[in-house]
Structures are given as C-alpha cells and as structure tokens.
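Novice: Next up is a structure, given as structure tokens.
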Amino acid sequence: MKQKIAKVAVPGPFLFPLDYLLPEVCVDAQAGMRVWVPFRNKKIVGLLMDVGEQSDYDDSKTKSVLEVIDDEAILTADSLKLLQWASHYYHEPIGEVVQAALPKRLRAGEAAQIEGVTYWQLSELGQQKSLDDIAKNALRQRELFSALQVHGKLNENQLNHRLQNWRAAAKTLAQKNWLESYPGPCLLESDYAAKPEHTLNEQQQAAVDAVVQSQIDNPSKQAGNMALVAQNYAPRFSAFLLQGITGSGKTEVYLGMIDAMVKLGKQVLVLVPEIGLTPQMIQRFEAYLQTRVAALHSGLNESERHCAWHMVRTNQVKVLLGTRSAVFAPFADLGLCIIDEEHDLSYKQQDGFRYSARDLMIQRARQQNIPVVLGSATPSLESLYNAKMQRYQHLYLTQRAAQGAKLPQLKLLDIRGESIQEGVSQSLKLTMQKHLAAGNQVLLFLNRRGFSPVLMCHECGWQASCPSCDANMTYHQTDALNDLGYLQCHHCDEQIVKPSLCPSCQSEEFVKVGQGTERLQETIESWFSDKRVLRIDRDTTRLKGSISELTEQAKSGQADILIGTQMLAKGHDFPNVTLVGLVDIDQGLFSADYRAAERMAQLVLQVAGRAGRGAKAGEVLIQTHHPDHPLLTSLVQHGYDRFAVKALAEREQACLPPYQYQVLFRAEAHNPDDAMHFLYSLKAGLENTAQQLDRGDDVEFWGPVSAPMLKRQGRFRFQLMLQATNRGALHRMLNVMQPHILKSPLARKVRWSIDVDPQEMY
DNA sequence: CCGATAAGTAGG
DNA sequence: CTACTTATCGGA
C-alpha cells in the first residue's frame, strides 16, 4: 500500500503546507494535530493541515513525519479551513498564519492537556485567625491572607495577577496549617453575581429576535419560546449590522442573543477591541448568562491563554470574549459570532500578518453557516455600504436605554479670530465654568499627549526633530517650576533630555509650540485652581491597573475636570459628565489619508457619547477653525448617518474603497534606493503579469511613492498601491507574482510586506 | 593556498 | 526565516 502524504504547515516563507510521508505507525493522524517533522537538520513542530494520497512534490527527497504530538486535533476542521483561507486571502505564508493562531505553548510542542491549576483557600484553622495574628513586617503574608479572606479561594493565575511573591508567603502559611491548596479547573472558579433583572426595550428585543429568528425554520412562531426555537433550529449564515447610538444598550442586545444561543447548547464568540475587555465586562456577562465566560486577550499569561483555548475546544465553556486573535479559537460547536465596535482599528493587525479579525470573523461565519453580528454606534463606511447592498441586515437602536438619558447636543465652536488662551477659547472656558458651578463634571478631549508637539528655538527657529524619523519630538514636562523635561519621539520612542542650549545657535530661550494634554492640564489647573483635574492618557496610565484606578476616581467624583486622549473616549461611563469639549479636531479634516474624516467622525461621536449618560442632559462643544467644512457640518447638524452618506458619495466619486479594492505593498530599507527599486521592479513584474493574464481586468497602480512619513526608525519607506473594481483580478495577479517576489535579489535587502485591504497609510 | 567573510539559495 | 553552500577577498 502506498504511504499517505502529510501536508504540514511549518514556519518559513511557504505559502502552502509542505509534504511529508506519513509512516505506518502514524495512521491515526488527523488534520489539526501537531507533528514533529525533520526540517533541514533539526526537528520542528508543524501543524498537520491535511492527509492526502499523493504528493505533488514527487521526489525521493520527501522526508517522513517523525512523531504525532497530539492524540486529538487541537484545531477543529473549521479553524483549519479559516487558516487556509486567511493564508490565501492575505497572501501570507501558512506557517505565519498558524503562528498567529496558536498559543505559544502549543507552538513549542507542549502537551495540549491542562493539568489542574492549584487553588488556595484558608483552612479551618486559618479562618479562625485574623490579620493581627500575622507579624506586621510579613507584608506578603498579610496581603495573601487578606486577599483570601475577601475572595474565599483564588487560583495561581489570579494570585499572580493580584500579588507579587506570594508563593513564599503561601508556603509559610501552609506550614502553619492556615492555608490549604487543592487542584481545580484552569478557568477561575468562583460564584456568579446574581442575575440582574433586565427587560429589553422594544428595539432591543426586535434586534435579538431578528438574529434568533434567522436561525429557525418557521420564523412566524414566537422567538422567545426556546422550546419551539430548539425544535426548528436550522443554522445558516446571515450577517447583521447592529447600529446603536452610544448608551442604547448594545451589550444587553448581545447578551440577549448569546443567552438564546447558549440555551440551545451552542457556543458564542464575542470579539472586542484591545482596551475594551475588562474584568468587569466578564463579570457582567457571567452574571447575566449564569455561565462561565472565558477571556482571551493580551493581558493573559501563557497558561491562562492555553486554558481558555482548551476550554473552548472541549466545549467546557460556551462563551469566549476575546480580542483580535480570538477569531482563530477552535470552537467545538460555534453558533454565533459578535463583533463589538466593529469599526475599531485594533481589529486590524498592523505588522507581520496583517489580517482583519472582523473580516475573518465574517468569513468564518460564512464557512460555518452561522450568524454574525457587527455592532457599533458609528459603523465603518465599509459595513454601511454592505448594509446598503443588502449583504447585511441593518438593525437600529435609536434610544438611550437608561431612563431619562438623552443624547447630547453637538455644537461647533467657531474659534476663528476668537481669543484663544493655550488652545482653549473664551466660550469653552465660560461654558466650563457654568457646568462646574452646577456641580457637574467636565471632560476635555485632546488627542495629543505630552506638553507640546514642537520645541523651537526662540532665536533661530531650530526645532527638535527625531534623528531616526521625519517627525518633531514631543516635549514632555517633568518639572514646571524649573522648566525641566525631556523630548520623546512618538514614532520610535527615542527619548533625550531637553537641551539647555539651542544646538544650532546656543541660545537659551525655547518656545513650546502647540498643545498637548500636559499643557492643557497646566492651563486648566491655573484657571480652576479650586477644582480637581485628572489627566488620563498613555503617560498617566503606564502602570498596570492604573487605567481602572483613574477611571474609578473619575466616576466616583474625585475629580471635576477630566483631560484625556482617545483612551478616555472608549467605553467608560462617567455619569456626572455633562460637558464634553473637543479642543482640537482640525487635523482630521485635511489629512492625506482619505479615511481621516471617517475616523474623525467616529471619534467625535464616541467622545460626545461620554456626555449626559446619567439623568442630566449633556452638551458637547467642538472647537474648529473650519466650521463650514461640509463633512463636519453634516455630522454635527444631521448626525452620523447623513455624514456617512456624504462620505460614501465622496468615496464613490474618487473611486476609493469600499467601491474599489486595494492592496498595498510597503517597502523600507536603510538605503532609500533599494526600497524604491524593489517596488519599481515589483510594479514592472505585476504589469507584465497583468498582460499575461489578459482577462481585461484592469488593475490600477499608484506609485511607488514615499510613505507619508518617509523616514521612520532610521528606515526609508515607500509604498505601491494596487487598486481594482474586481477583487479576483488583484488576487490572481498576486498569486502569479508572489513566487517571483521571493526570488528577487532586492527582496532580501528590503523589508517588505503585502497589506490586503489596508486601513492606514502612515 | 588557506581561512574568513559576504552573498546566494533551498527548505518537503 | 535560517542554516547551509558557494563565491570572493586579502593575508601569508
């Protein structure tokens, strides 16, 4: 009998799995298991993608699989299919795609099984003791003891997150018999909070019903009757765009549909943006659903990640809340996908394997015949276009869920010719006074951290610029009194102390040009000296846990004025904020990036949504030098939908996405000529390919041109854009060209990448 | 002529 | 990407 062929994904520049012989002893091997294979003269872990009858690489040189690692597949057939599709669609080597999908431990060939995690709790003896029984100087022991008093039991992972050096303390206390440990499940074991009483309003219920009914035959029957739903359950692909204004209770709608799916015994995958996943969110989901919810995000350590993966694969947990890479998780029985804040840029990986988790999620739903829900207050233009083309069913939530909460009034503040102090107009200042006097909180939004974006010599006009990037260095102040600070490049993170003399003319006098959040804070504190000002940006939240600490302070009213960058805009709920001031949004209006206006609009509404979330009405003031800008005025006067219609019309006129498909080649090198020549030869090759294919598909080329920021981190950067009305035409061309690219001698000197559906051009 | 280094290339 | 092969250079 002829030996079977194992198609194995291995790390390296291979667009397809490599062929290995499958020895007799490995007949049980299935797709989705890991294998040890010889590669060069060492042994590496590969993922078995398929078992075939014959090899295209028919050669005596074919090596054999050494050993099968797993006794059951660690990836489901569905996940494998998605990985393969992603590799084709993004023209990414299959090994890189697998790497993005698997937790590190599994990539290293470690066992996929989870041994029990150790839990700690106070023993009977320990419960009789109190904190005073522990020596004052035994700090770690005291911390551990009180943590266990509060939480009852905690597992190793939880303790690692909460405390440092707790193991030695645990050992000491265990010797005294105050503590005991036992093995338990890897997912944290604790009780859920009580299920909140919650009734959905009419719109919310309609949205839940639309999704549930799409999955049953006989949709005329009542969707709320789970017995009937279960009887008629007939899963199929369908996509929904859930557009709900901020505060309309999208999460309750998600929970409603998740609940229905979980009652059917199905699993649900919920994607959230990077910063959106908080422990509170998980607790809220668990309380509402009364079932375990696993999380998968960057804050987890390897064993927690491994655990979530394992629980989902073995169907021990029904709901997974995760960020980008969770889209690859191997569900045993997936029934629904949800993408929260679908317009959020963090769904697109911006380096290496440049995939969009949103787009892959939709593809996954399509492949698995299940529904997918995209939620946002400000949907991406792509998604709105898809809804318009009837590819998505458009669901709306137009009312704020909280009793009496109303949408804030947006107002443009024309600051042309107005007297401006440190970037803040007189009218904004006066309105702030009014709101503060009424005992309310004010939020000022400025999307630029640091003190000032430019430091300039007063004598000769010299500006502090980054030696490695085409950018000014931002001035950060550490000591206002003595005028001390440092310069930092926000593109490569290089830091230097502020020079005492101008390097060009030795003058001692510098001017700080422009506003950052630090400077705004200084100004506001001098104006409102009796008010407490809290700044929330990447610099004040660098330490772990400080984001929640600061936002808690803000929510509990320990601050009157909040100043922040976009990290303040997302998801946080400040019930006492009644005035939101957007200090400077003008950069968003005239950018080289055609998506800048869309992003500006999404950010404006997101920030504006922070106002008036409680019972009090909110007010939003937007300072601008361009009060007549057509997109801005339509946003402010008529809302996001009218803005989107206008912006889409502009995109159509200019032949831009979503009316056209794009692929961006990026190239960077220390020698600019290398990068440029690489793209020129690439373009010549592509044009040649296009002629050979000759299908009358026209693919347009833009460039090569230099990137908006030519030099970054010491490398010169260029790009070549490919654009077509037909996605297939682009992909056919790339398929033919890609093997040639790898052979080009310049490809090794140049750092290059393919970006399918690029989102940002920086 | 040898060894060090740079450039080139296949990997199943 | 990386280890291995081949080409190239300069010193003895």
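Novice: Using DSSP to define loop residues, name the GluC sites (Glu not before Pro) in region A:481-547 whose beta-carbon has at most 13 other beta-carbon atoms within 10 Å.
Specialist: On the way: sites: A:494, A:508, A:509, A:518, A:522, A:525; in loops: A:494, A:508, A:509.
Filter output for region A:481-547: A:508, A:509.
Novice: Okay, moving on. Sort by residue number and name the cysteines in chain A that have no neighbouring cysteine Cβ under 4.7 Å.
Specialist: A:26, A:337, A:492, A:655
Novice: Once Lys and Arg get +1 and Asp and Glu get -1 on their Cβ, which of A:216, A:753, A:120 lies farthest toward the positive end of the dipole of chain A?
Specialist: A:120
Novice: About the Cα centre of chain A, what is the dipole size in debye to 20, counting +1 per Lys and Arg Cβ and -1 per Asp and Glu Cβ, all else neutral?
Specialist: Working: 81 positive and 84 negative charges, 135 e Å.
Charge dipole, chain A, about its Cα centre: 640 debye, nearest 20.
Novice: How big is chain A by Rg and Dmax over its Cα atoms, in Å?
Specialist: 28.5, 88
Novice: Quick one: Karplus J couplings for region A:585-602, per residue in order, coefficients 6.51, -1.76, 1.60, θ = phi - 60°, nearest Hz, x for Gly and Pro?
Specialist: My calculation for region A:585-602 gives 10, 5, 4, x, 7, 10, 9, 5, 7, 5, 8, 4, 5, 4, 5, 4, 4, 5 Hz in order.
Novice: Shifting gears a bit: Within the accessible area of chain A, what % is carbon and sulfur when the probe is 1.4 Å and the other protein chains stay in place?
Specialist: On the way: 16760 of 34420 Å².
Result for chain A: 49 percent of the exposed heavy-atom area is carbon or sulfur.
Novice: Treating only the Cβ of Lys, Arg, Asp and Glu as charged (+1, +1, -1, -1), what charge dipole size does region A:202-397 show about its Cα centre? Round to the nearest 20 debye.
Specialist: So the dipole magnitude of region A:202-397 works out to roughly 440 debye.
Novice: A follow-up question, please. For a distance above 18 Å, tell me the whole-number percent of Cα pairs in region A:661-756 that qualify. Don't jump to the answer; show the numbers that get you there.
Specialist: Working: 1888 of 4560 pairs.
When every Cα pair of region A:661-756 is considered, 41 percent fall beyond 18 Å.
Novice: While we're here: Cα-Cα over 26 Å: which of A:153/A:555; A:61/A:749; A:42/A:348; A:7/A:104?
Specialist: Numbers: A:153/A:555 29 Å; A:61/A:749 31 Å; A:42/A:348 34 Å; A:7/A:104 21 Å.
Violating the 26 Å Cα-Cα cut-off are A:153/A:555; A:61/A:749; A:42/A:348.
Novice: Something else now. When ligands, DNA and RNA are left out and all protein chains stay put, how many square angstrom of accessible area per residue does region A:543-635 have with a 1.4 Å probe? Intermediate results must be reported in sequence, preceding the final value.
Specialist: Numbers: 3220 Å² over 93 residues.
Value returned for region A:543-635: 35 Å² of accessible area per residue.
Novice: Now a separate question. Report, in deg cm²/dmol and to the nearest 500, the calculated mean residue ellipticity at 222 nm for chain A, where each DSSP H run with n ≥ 4 adds -39500 (n - 2.57) and the sum is divided by the residue count.
Specialist: Details: 23 runs with 248 residues, N = 762.
Computed mean residue ellipticity for chain A: -10000 deg cm²/dmol.
Novice: Starting from the eigenvalues of the Cα gyration tensor, five times each then square-rooted, give me the equivalent ellipsoid semi-axes of region A:202-397, largest first, whole Å.
Specialist: Working: eigenvalues 114, 84, 49 Å².
Semi-axis lengths for region A:202-397 are 24, 20, 16 Å.
Novice: Jot down the radius of gyration and Dmax of region A:118-183, Cα atoms only, both in angstrom.
Specialist: 10.4, 31
Novice: Suppose we take every Cα in region A:599-726 and form the convex hull; what volume per residue is that in Å³?
Specialist: Per-residue hull volume (Cα only) is 155 Å³.
Novice: Separate question: Using the charge dipole of chain A (Lys, Arg: +1 at Cβ; Asp, Glu: -1 at Cβ; taken about the Cα centre), state which of A:248, A:94, A:29 has its Cα farthest towards the positive end.
Specialist: A:29
Novice: With 5 Å bins from zero, work out the P(r) of region A:245-349 over every alpha carbon pair and list the percent per bin.
Specialist: The distribution over region A:245-349 is 2, 13, 25, 26, 21, 10, 3, 0, given as percents.
Novice: Still on this structure, I have one more. Which order do peptides A:296-307, A:247-258 fall in by mean Cβ count within 10 Å, highest first? Don't skip to the answer; put the middle values down first.
Specialist: Values: A:296-307: 18.2, A:247-258: 23.3.
Ranking the peptides A:296-307, A:247-258 by packing returns A:247-258, A:296-307.
Novice: With point charges of +1 on the Cβ of Lys and Arg and -1 on the Cβ of Asp and Glu, referenced to the Cα centre of chain A, which listed residue (A:319, A:149, A:39) lies farthest in the positive direction of the dipole?
Specialist: Of the listed residues, the answer is A:149.
Novice: What does DSSP give for chain A in terms of the percent of beta bridges that are antiparallel, rounded to the nearest 5?
Specialist: Numbers: 69 of 120 bridges.
Here the antiparallel bridges make up roughly 60 percent for chain A.
Novice: Would you kindly derive the ³J(HN,Hα) couplings of region A:636-648 from the backbone phi angles with the Karplus curve 6.51 cos²θ - 1.76 cosθ + 1.60 (θ = phi - 60°), listing them in order in whole Hz, with x for Gly and Pro?
Specialist: Rounded to whole hertz, the list is 6, 7, 10, x, 5, 5, 5, 4, 5, 4, 5, 5, 5.
Novice: On the Cα set of region A:317-407, report Rg and Dmax in Å, please.
Specialist: 14.8, 47
Novice: Also, quick follow-up: Can you compute the charge dipole magnitude of region A:118-183 about its Cα centre, using +1 on each Lys and Arg Cβ and -1 on each Asp and Glu Cβ, nothing else charged? Give it in debye, rounded to the nearest 20.
Specialist: On the way: 9 positive and 6 negative charges, 40 e Å.
With only Lys, Arg, Asp and Glu charged at Cβ, the dipole is about 200 debye.
The values are calculated or read from the model by the stated rules, or taken from the named source; none is laboratory data. Predicted, not measured: the structure shown is a model, and the values here were computed from it. All Cβ positions, even for glycine, are placed from backbone atoms using ideal geometry, and neighbour counts span all protein chains on display. Accessible surface areas use protein heavy atoms only, side chains included; no ligands, DNA or RNA. Shrake-Rupley method; radii C 1.70, N 1.55, O 1.52, S 1.80 Å.
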